[in-house]
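Undergrad: Can you read through this structure? Questions will come right after.
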Amino acid sequence: MLKIKGLKASINGKAILKGLNLEVKPGEVHAIMGPNGSGKSTLASVLAGKEEYEVTGGSVTFRGKDLLDLSPEARAGEGLFMAFQYPVEIPGVSNINFIKTAVNEVREYNKMPPLETKEFMKLLKDKQALVELDGKLANRSLNEGFSGGEKKRNEIFQMAMLNPVLGILDETDSGLDIDALRIVANGVNQLKNKNNAFVVITHYQRLLDYIVPDFVHVLYDGKIVKTGDKKLALELEKKGYDWITKELV
Amino acid sequence: MSDSEKAIKDATTGEYKYGFVTDVESDKAPKGLTEDTIRLISSKKNEPEWLLEFRLKAFKLWKEMPLPTWAHIHYPEINFQEIVYYSAPKPKKVLNSLDEVDPEVLKTFNKLGIPLEEQKLLSGVAVDIVMDSVSVKTTYKEKLMELGIIFGSFSDAVQHHPELVKKYLGSVVPMTDNYYAALNSAVFTDGSFCYIPKGVRCPMELSTYFRINEANTGQFERTLIVAEDSSYVSYLEGCTAPQRDENQLHAAVVELIALDNAEIKYSTVQNWYPGDSKGRGGIYNFVTKRGICAGVNSKISWTQVETGSAITWKYPSCILKGDNSVGEFYSVAVTNNFQQADTGTKMIHIGKNTKSTIISKGISAGKSNNSYRGLVKINKGAEKARNFSQCDSLLLGDKCGAHTYPYIECNNKSAKIEHEATTSKIGEDQLFYCNQRGIKTEKAISLIVNGFCKNVMDNLPMEFAVEAKKLLEISLEGSVG
């Protein structure tokens, strides 16, 4: 469903992605690992359509469409979701109002009528349970005063509500304690089916104890330099990234 | 241009939808302001001698007063001799029923979304309408009369309740108060008058719509609301004007008096023509609004949503004289294009245990400037006075300005005063976050702005809140990208 070919991107004139290739098929979970500054978050941002990044080469097709041609909201409409590393706060806008607006905007994009309140409330309850999100958070302002763990759980909750085709988790595990980590991973595992896919960007192997990837890629200096299965993640945990960079030389 | 800049631009170039002109014949005074103009207004309105004296005295004072220059606003000098001070839709005769109102005038109010008839009957709002200089029609008068409530045009009140008008006129805003109050005292033409007798809770919202129609006409209305002991009233005010290239002047005075245990809630949705995207035209809005909590345990609450006018200069204030009295000010001011707003409040604590709350939300877009100016004054005798102020500014784009001028004068050590202020910009990050969730930029801005204003909007009466929310969207239409 996602095909990235020779993707190059830069920010403020500085090249970050330098010819990245990746293919994701329905039903797969891909983990992307790599040292700081290798371009992991840039990849997520470019896929989601963040303006500051300039694509200087390559192509990305998503479900047969040229992804790079679509606005960020159209990408969301097509079923691409990104769980943010640093979710923003929007004072005065309740969590529930925000997600309702998002759900209905995505439905509108797909030429579906807005959800009836009753259906929406049912969906809300189900998905809150999925990520063990406190019902009280629904009426609080979006992410305002949420703890780090609550924010991340809220990202997974939103992902569950929007039910995307492709979910990109940008270092969702950073700053989570072990319980929150388990809950987040559990949410992802329950959402997983043969028609959707996940790209999990992470620093640490420990998330992959809970979300078992089909592929592990090592991103280094803007390119994927090594691909393996979940055993690669364990090896990285043990040896660090140095051996790979040495291998490259 | 980035997407968000474009959206800001789009949201700020929305068209003013009340810019039409009604083709109705009018009875006008010649341009300019002399004693003769004032005598003409007074005789047109068949006023008693004391009121003419009041006007002439104010005129004399006004001529001596310098133009105030302290506000953070810039505009070319106003030529007060180029303004028409009296204009009434013709034919001017006593109207007994709606059928007798000029159909063109009725059409105007329908376009404004103020159907005088069934809808208001259904929603149970009593409406007084002031077009240019005169009150056109008041609904529900009889029904209110049964409760002893007097609600109607100011001119009517002068004719039928002169003793009340004489007692309270100028008692809260004296003619010497400021330049525009003096001008208004000299030339005011109509407005609303409202009197709630002892112990009566007004069962419906009272509402006045002000409309400037004629070119080169100033609107100078006067509103006086008196709430007797243990009474309650909620009053709504709406304003619009046609789209014209010249600037028009609006200088109103509003006085509220709350006696023992009385409560007045005054809500305004101000949508005077703001001028076009190049800064041409628009209303100069110089308004003096003040209420006095004269009695013990009384309460006055101002809520305003200011989206219109080229210039807004307005500080709805409370004098908290009665012990335990409460003053509140909730404000949303939106400026776009070249609009300038200098608005805020004054809370004067005189009585013991008096309490005031100020929540001000300024939203600036385009090349506009938005200032909050507020005074909290605690007098010597105001034991245990309390004030809480919160002033937040939101910037859309990088060509607009937000300014906050809080003044505090405290003369009693037992007082507690809190002030909080924030300035924020709608961030690219917030917009991108919304976009990533499938929400279009325009909608995202409306979401963020409404969230920002939430605790003010919550204080508006329900039907007004809906209107205000829509107005916010229209005002910022095309302002974000």
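The values are calculated or read from the model by the stated rules, or taken from the named source; none is laboratory data. Note that this is a predicted model, so its numbers are computed, not measured. As a convention, Cβ positions derive from the backbone with ideal geometry for all residues, glycine included, and neighbour counts pool all protein chains shown. Ligands, DNA and RNA are stripped out before the accessible areas are found, and what is left, the full protein with its side chains, is counted by its heavy atoms. Shrake-Rupley method; radii C 1.70, N 1.55, O 1.52, S 1.80 Å.
Undergrad: Can you find a residue in the stretch A:75-85 that is at pLDDT below 95 and not hydrophobic (A, V, I, L, M, F, W, C)?
TA: Yes - at least one qualifying residue is present in the stretch A:75-85.
Undergrad: Also, quick follow-up: Among (1) modelled with pLDDT under 90; (2) not in a loop (DSSP other than H, G, I, E, B), where does A:K118 come up short?
TA: Exception for A:K118: condition (1).
Undergrad: Mind telling me which of the residues B:A421, B:A415, B:A444 ends up being farther than 30 Å from A:A76 by Cβ, modelled with pLDDT of 90 or more and of a type outside the set (V, I, T)?
TA: B:A415
Undergrad: Tell me which residues, restricted to the stretch B:172-202, are farther than 19 Å from B:E64 by Cα, in a loop (DSSP other than H, G, I, E, B) and under 19 Å from the mean Cα position of the chain (by Cα).
TA: Once the filter is applied, which keeps residues that are farther than 19 Å from B:E64 by Cα, in a loop (DSSP other than H, G, I, E, B) and under 19 Å from the mean Cα position of the chain (by Cα), the stretch B:172-202 yields B:V172, B:T189, B:G191.
Undergrad: Another question, if that's okay. With respect to B:N369, is the statement that it is in contact with a His (Cβ under 7 Å, 6 or more places away or on another chain) and open to solvent by 10 Å² or more (accessible area, probe 1.4 Å) true?
TA: It is true that B:N369 is in contact with a His (Cβ under 7 Å, 6 or more places away or on another chain) and open to solvent by 10 Å² or more (accessible area, probe 1.4 Å).
Undergrad: Okay, next question. Considering only the stretch B:311-333, state which residues are within 25 Å of B:K454 (Cα to Cα) and in a loop (DSSP other than H, G, I, E, B).
TA: Of everything in the stretch B:311-333, those that are within 25 Å of B:K454 (Cα to Cα) and in a loop (DSSP other than H, G, I, E, B) turn out to be B:Y315, B:P316.
Undergrad: From the list B:A365, B:A382, B:A310, which one is of a type in the set (A, V, I, L, M, F, W, C), touching a Pro at 6+ places or on another chain (Cβ under 9 Å) and touching a residue at least 60 places away in the same chain (Cβ under 8 Å)?
TA: Step by step, each of B:A365, B:A382, B:A310 is checked, and only B:A310 is of a type in the set (A, V, I, L, M, F, W, C), touching a Pro at 6+ places or on another chain (Cβ under 9 Å) and touching a residue at least 60 places away in the same chain (Cβ under 8 Å).
Here is a yes/no grid of residues against (1) touching a helix residue (DSSP H, G or I) at 6+ places or on another chain (Cβ under 7 Å); (2) within 14 Å of chain B (Cβ to nearest Cβ); (3) crowded, with 21+ Cβ neighbours inside 10 Å:
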| residue | (1), (2), (3) |
| --- | --- |
| A:P26 | no, no, no |
| A:H30 | no, no, yes |
| A:P35 | no, no, no |
| A:G39 | no, no, yes |
| A:S45 | no, yes, yes |
| A:E54 | no, yes, no |
| A:A76 | yes, yes, yes |
| A:M82 | yes, yes, yes |
| A:Q85 | yes, yes, no |
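Undergrad: Would it be correct to say that A:G6 is assigned to a strand (DSSP E or B), open to solvent by 20 Å² or more (accessible area, probe 1.4 Å) and either at negative phi or among the small types (G, A, S) (or both)?
TA: Yes.
Undergrad: Right, here's the next one. Return the only residue of A:L232, A:L181, A:L219 being in a helix (DSSP H, G or I) and within 17 Å of the chain's Cα centre (by Cα).
TA: Just a single option satisfies the conditions, and that option is A:L181.
Undergrad: So, in the stretch A:154-178, of the ones that are farther than 23 Å from A:E144 by Cβ and of a type outside the set (V, I, T), which residue ends up most open to solvent (accessible area, probe 1.4 Å)?
TA: Here the answer is A:N163.
Undergrad: Another one. Could you please find all residues in the stretch A:17-58 being within 15 Å of A:V225 (Cβ to Cβ), in a strand (DSSP E or B) and over 16 Å from the mean Cα position of the chain (by Cα)?
TA: Within the stretch A:17-58, A:L17, A:K18, A:G19, A:L20, A:N21 meet the criteria.
Undergrad: Among B:G295, B:G282, which is over 12 Å from the mean Cα position of the chain (by Cα), modelled with pLDDT of 85 or more and either farther than 20 Å from B:P174 by Cβ or open to solvent by less than 30 Å² (accessible area, probe 1.4 Å) (or both)?
TA: The match here is B:G295.
Undergrad: Within the stretch A:87-120, restricting attention to residues that are within 14 Å of chain B (Cβ to nearest Cβ) and farther than 19 Å from B:L447 by Cα, which residue is least open to solvent (accessible area, probe 1.4 Å)?
TA: The residue in question is A:N110.
Undergrad: State yes or no: is A:L123 assigned to a loop (DSSP other than H, G, I, E, B), in contact (Cβ under 8 Å) with a residue 12 or more places away in the chain, within 24 Å of the chain's Cα centre (by Cα) and more than 14 Å from chain B (Cβ to nearest Cβ)?
TA: No: the conditions fail for A:L123.
Undergrad: Can you tell me which condition A:I211 does not meet? The list is (1) open to solvent by 10 Å² or more (accessible area, probe 1.4 Å); (2) outside any helix (DSSP H, G or I); (3) closer than 25 Å to A:A180 by Cβ, and all the others hold.
TA: Status for A:I211: all satisfied but (1).
Undergrad: Quick check on the stretch A:127-145. Is at least one of its residues facing another protein chain (nearest Cβ under 10 Å), of a type outside the set (A, V, I, L, M, F, W, C) and assigned to a helix (DSSP H, G or I)?
TA: Within the stretch A:127-145, none of the residues are facing another protein chain (nearest Cβ under 10 Å), of a type outside the set (A, V, I, L, M, F, W, C) and assigned to a helix (DSSP H, G or I).
Undergrad: Could you list all residues from the stretch A:152-173 that are of a type outside the set (D, E) and closer than 13 Å to A:L208 by Cα?
TA: A:L169, A:T172
Undergrad: Just to check your reading of the model, which residue among B:V101, B:V94, B:V24, B:V125 is modelled with pLDDT under 60 and open to solvent by 60 Å² or more (accessible area, probe 1.4 Å)?
TA: Every option except B:V94 fails the conditions.
Undergrad: Right, here's the next one. Out of all the residues in the stretch B:299-343, which are among the acidic types (D, E) and either surrounded by fewer than 24 Cβ atoms within 10 Å (Cβ to Cβ) or at pLDDT 85 or above (or both)?
TA: Correct list: B:D323, B:E328, B:D342.
Undergrad: Continuing with this model, one more query. Spot the failing condition for A:P164; the list is (1) closer than 17 Å to A:E28 by Cα; (2) more than 14 Å from chain B (Cβ to nearest Cβ); (3) in a loop (DSSP other than H, G, I, E, B), and only one is missed.
TA: Single failed check for A:P164: (2).
Undergrad: Would you point out the residue of the stretch B:344-359, among those that are assigned to a strand (DSSP E or B) and open to solvent by 10 Å² or more (accessible area, probe 1.4 Å), that is farthest from B:E420 (Cα to Cα)?
TA: By that ranking, first place goes to B:I348.
Undergrad: Follow-up. Which of the residues spanning the stretch B:37-91 are more than 20 Å from B:F154 (Cα to Cα), open to solvent by less than 90 Å² (accessible area, probe 1.4 Å) and modelled with pLDDT of 85 or more?
TA: B:L61, B:W62, B:M65
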